[in-house]
Amino acid sequence: MKNNLLGGLLLAGLLAVPMAAQMPEGYLDVNITHVKFGKRADFDANIKKMVEINRKNKGDTWLAYELAYGDSNAVYFTSTRDSFAAAEEAGKAFEGALTKALGAPGMRKLFDDTDAASESERQELRRRRWDLTASAPADTAAYSKLVGQSRWIRVAIVRVRPGRVLDYEAELKRNKAAQERANPGIPSFVSQGVAGQANGIFYISTLLKSLGDLDKIKPLQEVLGSNFANYQKAVAEMVLGTDIIVGRFLPELSNPPDEVVAADAKFWRPKPPAPAAPKPDAKKQ
């Protein structure tokens with residue numbers, strides 16, 4: 001595993017200038033790892049070590065989720081960053097925590113062991129688009145509570161044709177107002193790829209307490225009403241394709257910020273299972 005694994009929660013972007021002042025994180029640092037078949041237990045054991053070490057030594061923080069609908073055995077690790085410089089500093093904090101606990105040779109071995117269980121990995125940086133996000137939380141406290149109470153995430157990955165990014169942004173801005181009217185109180189976070197992937201990729205994410213929440217969200221056709229046909233025509237000219245993935249959060253592989261943990265500590269910091277009771281000694285019976 002490379003040094004940047006987990007250096008890299010959550011979700012795609014968030015509202016306009018006033019919102020940006022309250023929500024300072026400007027980027028999402030995302031690591032996407034595909035685990036080898038038959039190696040998931042080994043992979044999880046290594047990540048759990050990283051979680052424990054970073055938590056004890058004030059290293060980096062992140063949220064992890066695995067895909068329930070999408071690429072099989074794909075695990076996402078996501079952190080918020082204020083800037084490119086903050087991403088670099090977080091990587092140093094991550095490695096520093098591991099080095100403090102394991103020493104440099106031990107850190108490299110842990111990376112190698114995780115690499116051996118991984119088929120591939122990719123690091124992405126995404127800029128959070130507060131100006132395109134619908135129904136964003138009022139402040140960072142509300143955002144942390146929303147994240148902390150979530151168990152699932154749905155992400156639409158939209159690949160825009162070269163030269164049509166500004167046109168697609170205009171469509172998202174029009175849809176934002178319609179979403180806020182039709183699906184009040186349901187945030188639709190937007191972020192845009194800036195490094196580690198092709199140009200012109202947008203991520204539209206929804207946080208969910210359960211999969212059943214998806215049944216309560218009005219689809220875009222109902223949201224846009226009579227404007228849906230025009231939207232379809234415009235998107236056909238602007239967009240190369242869209243993928244939809246659904247992920248389930250993994251508290252055991254996550255090291256979330258304290259503000260997120262506070263929203264539901266029992267979920268994010270689960271206590272280890274009690275040891276099994278010893279079997280009675282047959283010789284003594």
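The values are calculated or read from the model by the stated rules, or taken from the named source; none is laboratory data. Predicted, not measured: the structure shown is a model, and the values here were computed from it. The protein model used for the area step is the full one, side chains on, heavy atoms only, and it has no ligands, DNA or RNA in it. Shrake-Rupley method; radii C 1.70, N 1.55, O 1.52, S 1.80 Å.
Annotations
- Accessible-area value, Thr99, 1.4 Å probe, nucleic acids and ligands omitted, Å²: 60 Å²
- For region 237-265 and region 111-175, distance of Cα centres in Å: 9 Å
- Within the accessible area of region 113-222 (1.4 Å probe), percent carbon and sulfur: 50 percent
- Using equal-weight Cα scatterers in the Debye expression, the normalised intensity of the chain in log10 at q = 0.07, 0.09, 0.13, 0.16 Å⁻¹ is -0.28, -0.46, -0.90, -1.30.
- Per-residue [θ]222 nm for the chain (sum of -39500 (n - 2.57) over DSSP H runs n ≥ 4, rounded to 500): -12000 deg cm²/dmol
- Under 30 Å from Lys92, Cα to Cα: lysines that are on another chain or at least 8 residues apart: Lys2, Lys36, Lys39, Lys48, Lys49, Lys56, Lys58, Lys100, Lys109, Lys145, Lys266, Lys271
- Residues of the chain: accessible area per residue with a 1.4 Å probe, Å²: 50 Å²
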